[in-house]
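Asks: I'd like to ask you about the structure that follows.
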Amino acid sequence: MRPVCVVGAGTMGRGIAQVALAAGHRVVLCDPEAEQLTNAVDEIGRRLTRKDPSTAAGALQRLATAHRIEQVADVANPLVIEAVVERLDVKVSVLTAAIQRFGAGTILATNTSSLSVTEIAAGVPNPERVVGMHFFNPVPAMRLVEVVRGRQSDEDVVQETAEIARAWGKEVAFVRSSPGFIVNRVARAYYGEALRLVEERSVSPECVDELMRAGNGFRMGPFELMDLIGVEVNDTVTHAVWSGFNFEPRFAPSVLQAEMAAAGLHGRKTCRGFYDYREGTSRALPQPVDAVPCLPTGAVLVGHDRDLATLWRRAAGHDLPGEEGDGRAGLLRLGDLGLIKLTDGRTAHDEAQRRGAPVVLVDRCLDPATSRAVAITGTDHRLIGATASLLAAAGVTAYLVADTPGLIAARILAMIANEAWETVQQGTATAEDVDRAMVLGTNYPCGPIEWARRFGASTVCAVLDHAHDEYRDPRYRTGRGLRVAAAASS
Ligand SMILES: NC(=O)c1ccc[n+]([C@@H]2O[C@H](COP(=O)([O-])OP(=O)(O)OC[C@H]3O[C@@H](n4cnc5c(N)ncnc54)[C@H](O)[C@@H]3O)[C@@H](O)[C@H]2O)c1
């Protein structure tokens, strides 16, 4: 078993040292700050004891500390994992010192979250020995490690690093070194699109959060998550990915977020962010559409829409008689009142004009069988009320939003899925690794490639194409990966 040398005894370093000790390795923890080292050893001891008192003492006997790599003795061919400050020069000098101290059999792993593994490796005498080992915080609890291949990484080094991570109880997603790797890249759309929707005043932050949580099974909505991460930290990551991809419009930072960062509204840690955490304040709740649960009379399902049929079945307890469609996507006709349709990215105004009848558009959700909240928009107040009542009968709360292309969840989810497909198309990671990374690294309810397949890649394409037509903004252009998937599925 390779000995492990963890450099940097901060938040990440102590978590990594803990899991390596628990897996049976000898571990040396290095940090120039004496107090950091003492605190880290105390914390690791407490955590190991809490987890398993019978093995903690033995594990702690395998832990040594040092202030400098040059002082580490009796260690052969270690796995060195650096978790020092996020600076290229510091990481390069730490890994260079490590290879000089321990020799060419050493594996040099960097826990960088935003720097290029290729660039770090290029500054080190043996670049083929350098690999990314991107852990997530808190390390003992988070199951994902992104194993990052630099341009010059030796494949044996990559595979052995992955084996070690698996032996530590982690699941591995392989990724080629590129900005944000998988998780920090694909997740950008969760924040970025939510910010866009609020910036264009289509919806409030608290309504987006409710729709993503109660409507789609996410543990946290994007705004409460930004408040937890730190609004300014999230903004910095966005800038890193945006500039890393040569200012690609899909990653363009948000003016709203930058303003909040500048104002010191950083979220929970400053007691104010998108929400107010000061004592005596309470969180504003989004206002649902007034509705009394009831089934409309004279409803007919025209054409085929599996998700609309599921919502009806939830409301009525039985299937709805159907009519042959006109070749277009399925919809629900409510007698003379108008038409209800799931969004495909067109606005309600456009749909009403195309179809010559009032229209209500219902947002999409990951699972219509369990969703408890959904956004709606429409051209007629009576039809909006009837739709909200139908949804209430299905146990779904309806929130009225502006007549926005792709509404809320469908647009956010489509942007995430497009990025996921682009990551696969560019050979940065496989579809399986992208989905695994997003589920384990961000706690998404399912992987974006899987949900694109569920929605139908052609529906995801349609949502983005219509948003592109409406805004003429290149951020909504679909990637070739998604288009190929859409063509294959239709
Ligand atoms: N915190 C997270 O959520 C998170 C998640 C994934 C990756 N990362 C990455 O992990 C790395 C560490 O992050 P952190 O949050 O643990 O930082 P931290 O500030 O908590 O700890 C950094 C530690 O590195 C030490 N250090 C600085 N220069 C050093 C040197 N030359 N040699 C040895 N030790 C040195 C500091 O004394 C400090 O103890 C960064 O690259 C960060 O981007 C952080």
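Results for (1) in contact with an Asp or Glu (Cβ under 8 Å, 6 or more places away or on another chain); (2) surrounded by fewer than 22 Cβ atoms within 10 Å (Cβ to Cβ); (3) more than 20 Å from V158 (Cα to Cα), shown as yes or no for each residue.
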position	(1), (2), (3)
A56	no, yes, yes
E82	no, no, no
A104	no, yes, no
N126	no, yes, no
V131	no, no, no
N137	no, yes, yes
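Asks: Also: Out of T65, T118, report the one residue that is closer than 21 Å to A34 by Cα and more than 11 Å from the ligand (Cβ to nearest atom).
Replies: Values: T118 fails: closer than 21 Å to A34 by Cα.
Of T65, T118, the one residue that is closer than 21 Å to A34 by Cα and more than 11 Å from the ligand (Cβ to nearest atom) is T65.
Asks: Please pick out the residue among V27, V94 that is touching a strand residue (DSSP E or B) at 6+ places or on another chain (Cβ under 6 Å) and within 13 Å of the ligand (Cβ to nearest atom). Give the derivation first.
Replies: Numbers: V27 fails: within 13 Å of the ligand (Cβ to nearest atom).
Only one candidate passes the filter, namely V94.
Asks: Going by the conditions given, is Q18 in contact (Cβ under 8 Å) with a residue 60 or more places away in the chain, within 15 Å of the ligand (Cβ to nearest atom) and polar (S, T, N, Q)? Step through it out loud before you land on a result.
Replies: On the way: in contact (Cβ under 8 Å) with a residue 60 or more places away in the chain: yes; within 15 Å of the ligand (Cβ to nearest atom): yes; polar (S, T, N, Q): yes.
Judged against the criteria, Q18 is a match.
Asks: Can you tell me which of (1) of a type in the set (A, V, I, L, M); (2) more than 13 Å from the ligand (Cβ to nearest atom); (3) under 35 Å from the mean Cα position of the chain (by Cα) is the one A104 doesn't meet?
Replies: Checking A104 against (1) of a type in the set (A, V, I, L, M); (2) more than 13 Å from the ligand (Cβ to nearest atom); (3) under 35 Å from the mean Cα position of the chain (by Cα), the one that fails is (3).
Asks: Show the residue pairs meeting these rules: Cβ distance below 6 Å; 6+ apart or different chains; first residue within region 407-430 and over 21 Å from M212 (Cα atoms); second residue among the basic types (K, R) and surrounded by fewer than 24 Cβ atoms within 10 Å (Cβ to Cβ).
Replies: What qualifies is Q425/R480; T428/R176.
Asks: Return the total of residues in region 263-298 being touching a strand residue (DSSP E or B) at 6+ places or on another chain (Cβ under 6 Å) and touching a residue at least 40 places away in the same chain (Cβ under 8 Å). Don't jump to the end; show me each part of the working.
Replies: Initial filter on region 263-298 (touching a strand residue (DSSP E or B) at 6+ places or on another chain (Cβ under 6 Å)): 265, 273, 286, 288-289, 296.
Restricting the remaining residues to those that are touching a residue at least 40 places away in the same chain (Cβ under 8 Å) gives 273, 286, 288-289, 296.
Summing the residues that are touching a strand residue (DSSP E or B) at 6+ places or on another chain (Cβ under 6 Å) and touching a residue at least 40 places away in the same chain (Cβ under 8 Å) in region 263-298 gives 5.
Asks: List pairs: first in region 137-148 and touching a residue at least 60 places away in the same chain (Cβ under 8 Å), second in a loop (DSSP other than H, G, I, E, B) and surrounded by 24 or more Cβ atoms within 10 Å (Cβ to Cβ), Cβ under 7 Å, 6+ apart or cross-chain?
Replies: Matching pairs, first to second residue: E146/F181; E146/I182.
Asks: So the check is Cβ under 6 Å with 6+ separation or different chains; which pairs have a first residue in region 236-257 that's of a type in the set (D, E, K, R) and a second one that's surrounded by fewer than 21 Cβ atoms within 10 Å (Cβ to Cβ) and part of a helix (DSSP H, G or I)?
Replies: Qualifying pairs under 6 Å: R250/R475.
Asks: Which one of these is farther than 30 Å from T370 by Cα and buried (at least 23 other Cβ atoms within 10 Å of the Cβ): G169, G180? Step through it out loud before you land on a result.
Replies: Details: G169 fails: buried (at least 23 other Cβ atoms within 10 Å of the Cβ).
Checking each option against the conditions leaves just G180.
Asks: Another question, then. Could you please find all residues in region 89-101 being farther than 20 Å from V158 by Cβ and within 30 Å of the chain's Cα centre (by Cα)?
Replies: Listed by number, the residues that qualify are D89, V90.
Asks: Of the numbered conditions (1) surrounded by fewer than 21 Cβ atoms within 10 Å (Cβ to Cβ); (2) under 17 Å from C5 (Cβ atoms); (3) out of contact with any Lys or Arg (no Cβ under 6 Å at 6 or more places or on another chain); (4) not small (G, A, S), R62 fails exactly one; give the number of that condition.
Replies: The one condition R62 does not meet is (3).
Coordinate-derived values only; no laboratory data. Small disclaimer: the values here were computed from a predicted structure and weren't measured. Cβ sites come from the backbone with ideal geometry, for glycine too, and all protein chains shown count toward neighbours.
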